[in-house]
Amino acid sequence: MLTASWGERDFMRQGRSLAVGDRGIAATSHPLATLTAIDVLRTGGNAVDAAIAAIALQSVVDPHMTGIGGDCFALYAPASGTPVAIDGSGRAPAAAELGWFLERGMSAIADDSVHAVTVPGAISAWCRLHGDHGRLPLDRVLEPAIRAAEDGFVVTPRAGLDWARYGDRLSRHGDGSAVYLPGGKPPAIGARLVHPALATTLRAIASRGAEAFYRGTVADSIVRALQSRGGLMTLDDLAGYEATYRSPVGADYRDHHMLECPPAGQGVAALLILRLLARRDLSSDTLSEADRIHLLAEATKAAYRQRDALICDPDSRPVDVDALLSDTTVAHLSGLIDQRRASEASTFDMPVHRDTAYICVADRDGNLVSFINSLFFAFGSGIYAPDSGVLLQNRGAGFRLIEGHPNAIAPRKRPFHTIIPGLALKAGKPTLAVGVMGGQYQATGHAHILSAVVDRGLDIQAASDLPRSFAFDGTLQLEPTVSQEAIDILISRGHRTMIVDEPLGGCQAIYVDHERGVMFGATDHRKDGVALAV
C-alpha cells in the first residue's frame, strides 16, 4: 500500500552500483537527465550534444537546482586535442556602481534581492559550446526539454524534498508560485507539472540560438520583471553578453593532471588542496579515518584562506594563479599544517548555497565533458519572468558592498563563483570528469574524490559513497556516517565538529580506462540521479 512517505529514502547512507560501458556513458543527478543524455548518444550525438540536452532537461524538471536563468561552466576535452573551458558566468548591470548601493545605505545584497540577479550566462555558453563542438542540430538537442515542459514531468524524491524545504523562496516574489507551487504549496513526490511558458522560450532558443534569449521578447520579459522591482538591468546588459572560452588551469596530482576553470571560480582552490595533499602519503593503510579527515580539513582551510583573499573577476583584479600554485606557496602553506592539531578556524563573509546541477558525459569517440549549471540558491532569487518562464539566479548576492574588497560590485563585473566542473588527464588523455554539487564544498569535494581514487585505489562509485567532511566557517562539518571514534579523535585535535542534517554535496563522475577501453560512471546516492552506459 502506498503512503505519503512512499518514495522517500535515506539520502545519507544508501549506495549505488558502478555503471560500466565501452560506447559512451553519462552521469547526472536526475534520472530523466541521464536518460536524455543516453538517448542523444544512441542517436548519433556526441558528448557535447548529450550534456547540453541533459542540462536543458534538468532545467525543466529540477528548477530549484538549475535553469536557463542561471550560469554555466564547462570543461571539454576532445579525444585528441587541447581541452577548453567555457565561462558562462553572468555580469552585473552596467549601472551597478558601488556608490549607488552605498548612497542608499545598503551594506549587503540580500539573496532574494532584485540586485542579486546578474545577466544569466547559461544559454550563451550552451549555444556557443554547441555551435563549436556539437554534432546534432540544436533543435534536436533541446527537444527533450521542450517536450518535458509542454507535456509535463513528475517530481522525483530528492527534488520533492528540496522543493518542500525551499519552496517558500518562490512565494517572496509571487510570480513563480502559480507554476512552481500549485495550489499554494510545494508539489509532492510524484506530482505532475507542466511549464508552457518555458517550453515556448526553449523552442525559440532551439530555432534562433542565444539571440532568442538575449534579445527580443524573452529579454524584454526579464528586464520588465527586474525593473518593476527596482532593478538596474537593461536590455543592453543582456544584448551585450557573450560566454567566453578560457584556458583551463591545472596541477599534477600523482600520475593525473587535474584541470579546473580559471577565476572568477574557485577551481584554483581545488588545485591548491590537491597540491597540499600531494606532499603527504595518503595511500598508507596506517592512516585512520580521523587522520584523513584532519588532513583534508587543514588543506581546505589553508586553500580557502587564499581563495577568499584573492579570487575574483580577473578582469577587475588579475589573479596570479601560477604564484598561488607554486612550489614556494605550497611549501609555505604545507609547513603550517600540523598533523595532530587543528589550525585556527576562519569565518566566511559570503553567501552559502548548495544548489547546482552537474553533468558529465563521455562518448564512444573518447570526448569528455564536465558541465555545471546553477541558479546559486534554491530557486535562485525567486524572481520569475512569467511571460518567458525564466526563473532568475541570484549569483550577485556574492558581491560585497565594501570599497576595496576583491569582490566589490562594479559595472559588468562577474561575482566570485563556487560552481566548478573538474576534469583530469592521465598520460595526456581525458580520463576523469567529476563534479560535486554543493556550493562552497565543491573544491574540497573534487580533492576528496580524486584522492580516494588515486591514493586509495577506490572506484569512482566507492569514492562517492565515502562519508564526507568539510572544514568551513569555523566548523568541521561531518556527515552522520563518520564514525564516533573518528569524531572523538577530531575533537581531541581541536576541531569544532557538527553533524550535518543535509548531505555534503552530490557527486557525479566518469572515469575512462584507456588501456582497457572501458568507461565507468558514478552517481551520488545523496541525489535522485543515475549513471548509465550506452
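Calculated over the stretch 292-382, the projected area of the Cα convex hull averaged across directions stands at 9.7 nm².
Within the straight-line cut-off of under 25 Å between alpha carbons, the lysines reachable from Lys527 are Lys185, sequence neighbours fewer than 8 places apart in one chain being disregarded. Please identify the trypsin sites (Lys or Arg not before Pro) of the stretch 51-139 that satisfy two criteria: DSSP loop assignment and at most 14 other Cβ atoms within 10 Å. Which are they? Of the trypsin sites (Lys or Arg not before Pro), the ones in loops of the stretch 51-139 whose Cβ has at most 14 other Cβ atoms within 10 Å are Arg104.
Rolling a 1.4 Å probe over the heavy atoms of the protein chains gives the chain an accessible area of 35 Å² per residue.
Of the GluC sites (Glu not before Pro) found in the stretch 256-345, those in coil by DSSP whose Cβ has at most 14 other Cβ atoms within 10 Å are Glu344.
With N as its number of residues, the stretch 257-320 has a Cα radius of gyration that, divided by 2.2 N^0.38 Å, comes to 1.30. Surface composition of the chain: carbon plus sulfur atoms hold 50% of the accessible area, using a 1.4 angstrom probe and ignoring ligands, DNA and RNA. With coordinates expressed along the principal axes, the C-alpha atoms belonging to the stretch 357-418 extend over 51, 34, 20 Å, beginning with the largest. Kirkwood hydrodynamic radius of the stretch 320-452 from all distinct Cα pairs, in Å? About 18.0 Å, per the Kirkwood formula over Cα pairs. The percentage of C-alpha pairs in the stretch 394-519 whose separation is greater than 18 Å is 63%. Among Met65, Val155, Phe376, which residue has its Cα positioned farthest towards the positive end of the charge dipole of the chain, with +1 placed on the Cβ of Lys and Arg, -1 on the Cβ of Asp and Glu, and the dipole taken about the Cα centre? The residue sitting farthest along the positive end of the dipole is Val155.
Taking the alpha carbon gyration tensor of the chain, multiplying each eigenvalue by 5 and rooting it gives semi-axes of 33, 27, 23 Å, largest first. Label-to-label distance for Thr481 and Asp168 is 3.0 nm, based on points extended 7 Å past Cα in the beta-carbon direction. Protein-only accessible surface at a 1.4 angstrom probe places the residues Thr328, Thr66 in the order Thr328, Thr66, largest first.
Computed from the C-beta positions of Trp100 and Gln339, the FRET efficiency with R₀ = 60 Å rounds to 0.75.
The values are calculated or read from the model by the stated rules, or taken from the named source; none is laboratory data. The structure displayed is predicted, hence computed values, not measured ones. Cβ coordinates were reconstructed from backbone atoms using ideal geometry, including for glycine residues, and neighbour counts include every protein chain displayed. Each accessible area value is taken on the protein alone, full model and side chains, heavy atoms only, with ligands, DNA and RNA left out. Shrake-Rupley method; radii C 1.70, N 1.55, O 1.52, S 1.80 Å.
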